[in-house]
Amino acid sequence: MEKKKYISMAVIKRLPKYHRYLRELLRKDVDRISSKELSERIGFTASQIRQDLNNFGDFGQQGYGYNVRELYKQIGIILGLTKDYNTVIIGAGNLGQAIANYSYFKSIGFKLKAIFDRNPKLVGLKIRDVEVVDSDDLEAFLKENEIDLGIICVPKEYAQDICKKLTDNGVSGIWNFAPIDLDVPKDVIVENVNLSESLLTLTCRMNDNLMGNRRKMKNPSQI
Ligand code: NAI
């Protein structure tokens with residue numbers, strides 16, 4: 001089957017979930033799986049799964065299902081996980097430290113090179129062998145090291161300035177946790193993360209339930 005060129009954002013957003021479930025299956029030594037079985041585990045319909053995966057090529061075989069290892073590998077390629085990403089975190093407060101401590105990122109190729117903070121009390125602290133460096137040294141560090149990805153965990157009033165330093169020095173991906181829309185050059189990709197949006201989606205759905213208005217909508221993870 002010919003690969004389609006345009007992949008919708010809705011499909012892209014489902015891929016990490018496929019990747020996670022397939023990783024679990026590999027851990028359990030499952031070699032192959034049908035779209036129906038995958039559907040029961042993952043919560044998307046079997047036809048949704050077939051449609052999604054057909055976007056990228058012919059991964060399944062009639063009567064056999066999907067080869068789990070191959071599908072995991074192919075989705076990893078689509079997700080850009082065939083290379084490592086040199087990463088820095090700016091802001092070593094509660095959030096920055098939590099992210100630095102999350103070992104899963106390292107296991108899928110995100111190499112944390114340094115954490116920057118302007119608080120002298122934090123400078124020198126080691127989080128999982130990675131040192132907190134004075135943020136005055138950020139630009140010099142970026143010039144000396146090829147960094148792909150910057151994770152912004154500073155208060156919002158400093159986020160744009162930090163972002164500019166990152167993108168002026170070759171960083172092409174920003175994972176932004178500060179509650180602000182960042183202005184970036186066209187070739188830079190920003191992914192904003194907002195836990196409160198997710199929390200408020202939850203409370204909205206809970207209240208709908210309380211009022212007996214259970215929406216006939218799909219679980220948001222299926223949209
Ligand atoms: P925090 O106060 O614990 O940590 C912020 C750190 O940034 C501090 O260590 C501080 O010294 C450092 N900092 C401040 N200005 C800096 C600068 N110019 N350069 C380098 N370091 C600087 O705050 P927390 O809870 O870790 O939150 C950090 C950011 O993440 C805030 O913008 C907050 O609103 C946001 N946040 C976002 C969430 C989300 O779901 N997107 C969830 C929690 C926090």
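Sort out which residues of the range 159-186 are within 13 Å of the ligand (Cβ to nearest atom) and in a helix (DSSP H, G or I), and write them in order of number. Residues satisfying the conditions are Ala159, Gln160, Asp161, Ile162, Cys163, Lys164, Lys165, Leu166. Just for the range 79-130: of the residues that are basic (Lys, Arg) and in contact with a strand residue (DSSP E or B) (Cβ under 8 Å, 6 or more places away or on another chain), which one is nearest to Lys143 (Cα to Cα)? Only one residue fits best here, namely Lys113. With the requirement that a residue be free of Cβ contacts under 8 Å to residues at least 60 places away in the same chain and within 11 Å of the ligand (Cβ to nearest atom), what does the range 78-98 give you? Result: Asn94, Gly96, Gln97, Ala98. Scanning the range 126-158 for residues that are near the ligand (Cβ under 10 Å from one of its atoms) and in a loop (DSSP other than H, G, I, E, B) yields Cys153, Val154, Pro155. The condition (being among the polar types (S, T, N, Q), touching a Gly at 6+ places or on another chain (Cβ under 9 Å) and either loosely packed, with under 12 Cβ neighbours inside 10 Å or modelled with pLDDT of 95 or more (or both)) is satisfied by just one residue among Asn219, Asn169, Asn207: Asn219.
Within the range 42-82, the residues that satisfy the criterion of being charged (D, E, K, R) and surrounded by 12 or more Cβ atoms within 10 Å (Cβ to Cβ) are Arg50, Asp52, Arg69, Glu70, Lys73.
The values are calculated or read from the model by the stated rules, or taken from the named source; none is laboratory data. This one's a predicted model, so the numbers in the text were calculated from it and none came from an experiment. When we count neighbours, we look across all protein chains shown, and the Cβ atoms used for this are built from the backbone with ideal geometry, even at glycine.
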